[in-house]
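In what follows, a single structure is set out as structure tokens and then discussed.
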Amino acid sequence: MHLTGFIVQFLNGLAEASSLFLVAAGLSLIFGVSRIVNFAHGSLYMLGIYVAYTIVNAWGHSPLGFWFSLICAALIVGALGALVEIVLLRRIYRAPEMFQLLATFALVLVFNDMALWIWGPDDLLGPLAPGLNGSIQIFNRYMPVYDLALIVIGPAVLLILWLLLTRTRWGTLIRAATQDREMLGALGVNQAWLFTGVFALGAFLAGLGGALQIPRQPASLMLDLSVIGDAFVVVVVGGMGSIPGAYLAALIIAELKALCIALGVVELGGISIAFPKLTLVVEFIFMAFVLVFRPWGLLGKPLSTIRHSAAPDAPLRPATAPFKWMVLALLILFAAFPLVSGSFPYAVVLAQDMLVAVLFAVSLHFMMGLGGMPSFGHAAYFGIGAYAAALLFKAAGLGMAGALVAAPLAAGLAAIVFGWFCIRLTGVYLAMLTLAFAQIVWSIVYQWDDVTGGSNGIVGIWPEAWLSGDAYYYFVLAVVVMAVVIVRRMAFSPFGYALRAVRDSALRADASGMHVKRVQWVAFIVAGLFAGLAGALYVFAKGSTSPEVITVGKSVDGLVMVLLGGIQTLFGPVVGAAGFTLLQDYFVGITEYWRALFGVVILVIVLVFPQGIAGYAGMLMQRRRPA
């Protein structure tokens, strides 16, 4: 490509940087003050586009009316954000951050179906901006005038936010809350309304970022999850709570994508490298690089310690006799499903899905609940296990038994590599690095058409004759039960006690002579092995696999399962996975708006049963037990 092409792509990168910055700035503000990882921020961005579409079509026929409509749309989204903070989030600030994440994920489901109900399922393309609907020639290429306006809007918003945060008392309070919100409250500052104002401002910025996209992209129900990943990357790379860092990260990431497009296909040593394909994953590669060498982002600082967090987890207790009888009854029930398949043919399929989900959730709980290592990318190991089993069975001709043995080992090998980097981080930074690795795996699977089948995946992976029909169901049941028993045994082994000691206080564990990083690394690998085993069982149950098994949505499903059941109990992921699968299947069958219904159920559980379903049941049993 000629130099002119690089210049135009550079300008396109500046416009895209402004768009990324607007949505990421609000997310950074909210996290910096409230410490909430707001998964619903992408939904606020999506609603900004939808609301702007409606108002612009009514009032935006003139330049003044168009810009007034965009501001109105952002204000409406900001008011919605304030309402969400007052009604919901204010009640869960003391809860563990993973439960806060679960609540905001429930809002994603509710907002998505709200948009479906109001605007319908079709994409909606708004009008061009009056007065900015043309293009200008730059050398021998053309660039939309509206994109040039976006290049100016981004730095202008950055300047306004900088003045707000550094030249006003409210901004001083925000910066103080970012550093030490408990001390700020001790000084008499009303934290509740400060948090509400910050959340409203963050929602306003998300809505404005969405509204400004009206002339560039259609309003779509898929925007919420697609944009939140990019926003998280920008915030983490720039540094949590750093507004200048968010703009710097947005600028670097947008220009990296623009450079990939500008380079096109390049021949190096007889090998063709299609750089445009890297646009799907380049930001995650860059984020992984930054987090490995600068764990708190480019302009970020180490997160301050929150003094008043949730109560520490109670010690794990051995299973009681009533619990063992309950587990035996459940096993008999699951074993009986094939016997009633004539009357309830779908029961076996649903039960098999529940068993695979249980193993996936148990694997995540092992590293997150027992090890205190949250993951936003656990689906990577599930997907590696599924694809390894499919490729070894179909392409390599290894046989079903060999594929089922080798697939978890492939996932474990990936966990060895990824875990070596991830265990050096903690909290949300660790979770985001797991997401980066998962997106890299997804990109490879999605684009390696010759091996993985690309977006079509791999089909025709059915059990061999000796394990077909009901025999495979009983095989899955036996494998999952054995895996759950092994994990439970590990939890009460010396390694399990060491893992929980590291979770509760890494400093004390290290002072006691434990090799903290080694313990965490082994837990990471074990979790990857069992997730890979779940993926291998899945591919033979469904007969196929596709890139969808490695998406962010699949990883979030695992998080929801663990948190629904209760992260403090060993039986929690089992209950959560079974309940998640049952509720999702039931709600899909009764209403088009099943996501909203499912989201409401999750919110009720978060507010009423913050310990999770199994955790709440265990608490009731503990109260009834004689002293």
Would you point out which residue out of Ala335, Ala351, Ala401, Ala357 is part of a helix (DSSP H, G or I), open to solvent by less than 40 Å² (accessible area, probe 1.4 Å), more than 25 Å from Gly612 (Cβ to Cβ) and not β-branched (Val, Ile, Thr)?
Ala335
Go through segment 86-141 residue by residue and tally those that are over 19 Å from the mean Cα position of the chain (by Cα) and of a type in the set (Ser, Thr, Tyr).
2
Scanning segment 222-241 for residues that are buried (at least 20 other Cβ atoms within 10 Å of the Cβ) and assigned to a loop (DSSP other than H, G, I, E, B) gives Gly239, Met240, Gly241
Aliphatic (A, V, I, L, M) and within 16 Å of Ala415 (Cβ to Cβ): which single residue out of Leu537, Leu499 fits that description?
Leu499
Which count do you get for residues in segment 447-495 that are modelled with pLDDT under 90, of a type outside the set (D, E, K, R) and over 31 Å from the mean Cα position of the chain (by Cα)?
5
Which residue pairs have Cβ atoms closer than 8 Å, lie 6 or more positions apart in sequence or on different chains, and pair a first residue in segment 113-134 that is more than 18 Å from Ala58 (Cβ to Cβ) with a second residue that is part of a loop (DSSP other than H, G, I, E, B) and aromatic (Phe, Trp, Tyr)?
Asp113/Tyr593; Leu116/Tyr593; Trp117/Tyr593
In this structure, does Ile174 turn out to be aliphatic (A, V, I, L, M), within 27 Å of the chain's Cα centre (by Cα) and under 30 Å from Arg595 (Cα atoms)?
no
Can you tell me which residue among Leu27, Leu3 is out of contact with any Leu (no Cβ under 7 Å at 6 or more places or on another chain) and without any contact (Cβ under 8 Å) to a residue 24 or more places away in the chain?
Leu3
Which listed residue is closer than 22 Å to Gly26 by Cα and open to solvent by 60 Å² or more (accessible area, probe 1.4 Å), from Thr104, Thr168, Thr172:
Thr172
Go through Ala386, Ala410, Ala415 for me and flag whichever is open to solvent by 20 Å² or more (accessible area, probe 1.4 Å), modelled with pLDDT of 95 or more and within 18 Å of Val549 (Cα to Cα).
Ala410
Turns out the helices (runs of 4 or more DSSP H) fully within segment 421-504 with at least 1 residues that are under 16 Å from Ala541 (Cβ atoms) and of a type in the set (Ser, Thr, Tyr) are 470-491
Checking the condition open to solvent by 10 Å² or more (accessible area, probe 1.4 Å) and within 14 Å of the chain's Cα centre (by Cα), which residue from Gly553, Gly558 passes?
Gly553
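The values are calculated or read from the model by the stated rules, or taken from the named source; none is laboratory data. Just so we're clear, the structure is a prediction, and the values are computed from it rather than from any experiment. Cβ: placed from backbone, ideal geometry, glycine included. Neighbour counts: every protein chain shown. Heavy atoms of the whole protein, side chains included, go into the accessibility calculation; ligands, DNA and RNA do not. Shrake-Rupley method; radii C 1.70, N 1.55, O 1.52, S 1.80 Å.
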